[in-house]
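What follows is calculated from the coordinates using simple rules that are stated; it is not laboratory data. Just so it is clear, the model here is predicted, and its values are computed rather than measured. Here the Cβ is made from the backbone with ideal geometry for all residues, glycine too, and neighbour counts use every protein chain on show.
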């Protein structure tokens, strides 16, 4: 599919020769096709975009630039804000409607970016937030995106950039008697205002950096003689978001890049038609089996198409075959050839609804590709 | 004495009935009933996940409202005072259970519309009931609907917004809407225990409220601290929670003077209803007919003047024409008789009257008859022409009227002329007849002709014997000439008198007829002008009536609104935890 899109962009470049704006646009498409996968963090002001990106990278880069290429593995370009992108992390302060338009069933992950605040900063706030994310991934929100992940960007960033002084302050505080420390952890005002042996300025700086949740968590870890930094990193959910990006985006980088390039060329052709170009776009779109797979996956997720009648095993197999769980598509399938025969039979079974037969046809074609590999 | 707000409410209800809005009146009556109840209703509302239910729990010091990290509240919970804890789920069959789980049961039940909980709390006992509203976030949806319904009944509303973010445009918009319905609004900034920069957020919120023109205090609180303080019975912690200020705020808003609170709420409701009533009245004011045009009236008045001028002008013209005619006819008669005399003179230069007298006598009679006939004919024709000209003018008059009805008017106006013409025709016959007969009699009875002819004949005959032939002939001729001249003079005098009499007669008839026509036309024009004037006056009167009606309605509603506005003083309370 990537090759077809490449040649489409080249054809378009020839068709729009002499039009500087269109040529520049197509050149940008070409560059994006050969460049790293572009993943944008999209969200309203105050949703924690830069904090999250800094936390993912592990250093505050958003203060200097709005984009950065990281190895994920495989190059991924992180973009701060709603620019041109192949896939998006859509930041939500809380998983409640109305959901933003930026959510895309094929190429977006919903991120509960201030998950520690959902639980009021309790020590178990992130545990509860993770359950919340899992529940919403199965619900209405999950149908609109690839995954729902709970993250505390502030905690993650603090863990990634914690200084030795901060570590020392934390350990000094953890050493205080419980009776003295606990009332001070009731609120931010108490933590910064109480008469504790650690200087107030250090405490203010600490709570600004970690948040009350981070402070509580780090102190509880330090009191258990665990590493506060590792504990913060583990609780922050930054690992989950890395995994989600790797599984949902990085493994399908080619398809996503081709998809966004195809969309871009399509929008150009619609806005400024040239003879034959619309048909060319249509040919590539129709011929792109990967896109059909992605659309079917999205439909299965959103419930527009349901294979539940065929049994749980068939549903799981279909999702794996379509690549919902990454490149290991045959994980739930004994043999690609028998799978091909099974799904082809379903595609021809006139007792099944049309939508299921079409879905079975797409899966059969996937099986055929896997069988001949 | 009834409370002023009750009077305002009743007046507004009456206005609703007057302006034919029984629905609004019904709404106000329901509101009146609730306002007359013992407890003031405080509604806690806001976007999802701001800590509304937790705020209610913390305010009452009891875990009565279900809380969770996700969107939890689905239906409003009303908390009232009761001697012993009670709970009920509204709108659905409830299996029953502990009071603490009543809201959770109501939230989970798809058909439930609310929960009612009674608690033995001093705060509730002092004349207040609390409503924990579902979140308002989705533009449409059951939760939003239920929340808005709860807010419509609010005497005081608390917008809950947590300290993790400043007030959003959505929240400001919502607060603006609620503030119209309910004068006592406050923003409760929750979760200040976990946000280091809550003071900054509170300041931003205050600025945004000021920018949006909303008068509402911002009260920062921490429900967690309040609950912890209640558990540990720690006064210091309770002070830190900021709830003292919140309770103070509620006290000022509703508890301190429940009647004033009810008054403010009533005023706000009235103001909204009056605004709604004013809409159609303003539309009516915008749709008033324009001032009536005076053009028609001016035109009609001008026409009356024109008709008068025309009548005067035509009388003058008639008089002038008749004077011209008199002079012309007289000249014509004189000219003709002179020519006859000249002919007589020429004739008697040669002829001998003695011999030709009988022929001459016949000739004379015929000639004078012809002269009289020609002159009379000419006179009549001149009159016909004059009458025709006037008739044409008079006939044209209707053309000055509006085109409508011209055909109807033309016929009767033209017709009266027929008698004139008939008279002329009659006159022509009778007059020339009369003239002729008169003339014949005059000629026959005149001693001028017969005696002359006879006497002269005798005289000539007698003299001719004795006198010389030439000299006698000359004398005879001179006598005949003199006799003829006298006769023609007499004829001129007699006939001229007849002519002038006839002219006067016809002139009078014409003048009277013209007068009559002019009077009629003037009367028509005056009546038409009167009609136009009456129509204009009627339209003006109608417009004035409409304007007066709209003004009266506007003044009435404006006065009501003024009373409502004066009564809805916004809530001001100590700022509490801000330093």
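The tail of the calculated P(r) for the protein assembly as shown beyond 35 Å holds 72 percent of all Cα-Cα pairs. At q = 0.15 Å⁻¹, what log₁₀ I(q)/I(0) does a Debye calculation on the Cα points of segment B:39-276 give, no solvent, two decimals? At q = 0.15 Å⁻¹ the computed log10 ratios are -1.02.
Does segment A:161-227 classify as rounded, prolate or oblate by the C-alpha gyration tensor (a ≥ b ≥ c root eigenvalues; a/c under 1.5 gives rounded; else a/b over b/c gives prolate, otherwise oblate)? Cα axes put segment A:161-227 in the rounded bin. On a 0 to 90 degree scale, rounded to 10, what angle separates helix A:354-371 from the longest Cα axis of chain A? That works out to roughly 90 degrees.
Pairs of Cα atoms nearer than 8 Å and 6+ residues apart set the relative contact order; for chain A it is 16 percent.
Note on residue B:544 and residue A:140: the model spin-label points, each 7 Å out from Cα along the C-beta direction, lie 6.3 nm apart. For the protein assembly as shown, adding -39500 (n - 2.57) for each run of n ≥ 4 DSSP H residues and dividing by the number of residues yields -21500 deg cm²/dmol at 222 nm.
Relative to the longest principal axis of the Cα atoms of chain A, the long axis of helix A:238-248 lies at roughly 0 degrees. This ranking places B:128, A:277 by how few other beta-carbon atoms lie within 10 Å of each, fewest first, which gives A:277, B:128.
Ordering B:59, B:151 by the number of other Cβ atoms within 10 Å of each residue's own Cβ, fewest first, gives B:151, B:59. On the principal axes of its alpha-carbon atoms, segment A:204-267 has extents of 57, 24, 11 Å, going from largest to smallest. With 0.36 nm allotted per residue and the present C-alpha distance subtracted, the residue B:295-residue B:83 stretch has 68.2 nm of extension available. Residues B:347, B:495, B:331, arranged from fewest to most other Cβ atoms within 10 angstrom of their Cβ, appear as B:331, B:347, B:495.
Take the Cβ atoms of residue B:239 and residue B:33, set R0 to 56 Å, and the FRET efficiency comes out at 0.90.
Relative to the first principal axis of the alpha-carbon coordinates of chain A, what is the inclination of helix A:289-302, with its axis defined by its Cα atoms, in degrees from 0 to 90 and to the nearest 10? Once rounded, one gets 50 degrees.
Sorted largest first, the spans of the alpha carbon positions of segment A:12-91 along the three principal axes are 44, 29, 21 Å.
Averaging over all projection directions, the Cα-based convex hull of chain A occupies 22.1 nm² in the image plane. Placing one identical point scatterer on every Cα of segment A:68-155 and ignoring solvent, what is log10 I(q)/I(0) from the Debye formula at q = 0.24 Å⁻¹? Results for segment A:68-155 at q = 0.24 Å⁻¹ read -1.18. In this rough spin-label picture, where each label sits 7 Å from Cα along the Cβ direction, the residue A:104-residue B:149 distance is 4.1 nm.
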